[in-house]
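Since the structure comes first, as structure tokens, the remarks are kept for the end.
The values are calculated or read from the model by the stated rules, or taken from the named source; none is laboratory data. The structure displayed is predicted, hence computed values, not measured ones. Neighbour counts run over all protein chains shown; Cβ positions are idealised from the backbone, glycine included. Side chains are part of the model used for accessible areas, which takes the heavy atoms of the whole protein and leaves out ligands, DNA and RNA. Shrake-Rupley method; radii C 1.70, N 1.55, O 1.52, S 1.80 Å.
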Amino acid sequence: MDMKGQKLIRLTLSYAVVLVMTIIIVYPLLWVIGSSFNPGQSLSGSKMIPDNATIAHYKKLFDTSQSDYLIWYWNSLKIATLTMIFSVILVSLTAYSFSRYRFIGRQNGLMTFLILQMIPNFAALIAIFILALLTGLVDTHLGLILVYVGGAIPMNTWLMKGYLDTIPKELDESAKIDGAGHLRIFFQIVLPLAKPIIAVVALFTFIAPFGDFILASVLLRSKEKYTLAVGLYDLVAKQFGSEFTTFAAGSVLIAVPIAILFLSFQKYFVSGLTAGGTKG
């Protein structure tokens with residue numbers, strides 16, 4: 001077989017794999033979107049393209065007399081935003097320290113982070129609950145935010161440290177010669193160059209609270225303090241009258257703030273890729 005034929009086969013196989021993966025990812029999403037426009041509450045008669053499409057489920061979610069969805073949405077946005085802000089601040093400082101400074105326990109600290117990131121938060125669920133109980137943080141958003149922020153530090157510190165290691169240390173040395181202190185170097189030199197990785201960490205830590213159910217369901221007790229994941233589960237956990245199509249409508253709307261944040265940070269993702277490709 002000539003070179004042209006081999007190239008055609010490889011190209012065909014590549015497109016076939018991409019097509020299969022696209023179907024696997026998009027098909028469930030289309031079903032959820034279609035189900036959100038189906039009349040009734042059962043999924044048994046739902047279609048991807050409903051015959052009698054309706055937006056009644058979306059209206060019900062925004063009707064405060066019938067649903068607490070807007071309260072859950074606000075709770076999730078508040079928790080996700082604060083988690084993102086605190087995580088970016090702490091991860092940036094921690095990653096910068098491990099990247100730029102040499103101190104006793106540095107290697108052991110990095111190894112500890114490496115081990116901790118292999119253990120999910122829910123593996124320490126009992127310990128987290130007892131600690132929250134002793135500190136009075138059960139059924140509070142603050143307790144949940146602290147758990148999310150603490151869980152985000154190990155993995156994202158390694159991620160950001162690897163990026164900061166690629167920023168030349170000669171820039172720091174030049175700034176020190178000009179009289180700049182550690183904080184000024186960090187805020188005025190390193191952080192502007194690390195915008196792509198900061199955007200990645202911000203996106204990851206913003207998404208996590210929206211997708212988490214286990215920790216939120218354990219720490220939150222009051223219905224008015226539920227996040228979207230816990231609140232939507234409450235819609236389908238009822239023994240009678242489970243609202244599956246309303247659940248689908250609520251699930252679709254979760255993607256809105258995540259998509260807005262992704263589109264806002266997209267330029268930093270692109271600049272990070274192009275900078276990495278042309279470096280050196």
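So here's what we get for this one:
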quantity	calculated
Protection proxy ranking of 89-97, 13-21 - average other beta-carbon atoms within 10 Å, highest first	89-97, 13-21
³J(HN,Hα) computed for each position of the range 160-176 - Karplus, 6.51 cos²θ - 1.76 cosθ + 1.60, integer Hz, glycine/proline x	6, 4, x, 6, 5, 5, 7, 7, x, 6, 4, 5, 5, 5, 5, 5, 5
Binned Cα-Cα distances of the range 67-269, short to long, each 10 Å bin given as a whole percent	8, 29, 31, 20, 9, 3, 0, 0
Largest to smallest accessible area among MET118, MET160 [probe 1.4 Å]	MET118, MET160
Contact order normalised by residue count of the chain, Cα under 8 Å, 6+ apart, percent	29 percent
Helix axis angle, 195-211 relative to the chain longest principal axis, alpha carbon, degrees	30 degrees
Semi-axes of the equivalent ellipsoid for the range 3-56, Cα gyration tensor, largest first, Å	39, 8, 7
Nearby lysines by direct alpha-carbon distance to LYS60 (threshold 20 angstrom, same-chain neighbours under 8 apart not counted)	LYS223, LYS225, LYS238
Qualifying lysines (Cα of each under 20 Å from Cα of LYS169; at least 8 residues distant if same chain)	LYS161, LYS195, LYS279
The range 78-151 - Rg and Dmax from Cα coordinates, angstrom	14.3, 41
Helix-only mean residue ellipticity at 222 nm for the chain, each DSSP H run of n ≥ 4 adding -39500 (n - 2.57), per residue, nearest 500	-23500 deg cm²/dmol
Helix axis angle, 3-36 relative to the chain longest principal axis, alpha carbon, degrees	50 degrees
Average accessible surface area per residue within the range 3-145, 1.4 Å rolling probe, Å²	65 Å²
Whole-percent carbon and sulfur share, accessible surface of the chain, 1.4 Å	71 percent
Net lengthening on full extension, ALA255/LYS169 (0.36 nm per residue, minus Cα-Cα)	27.0 nm
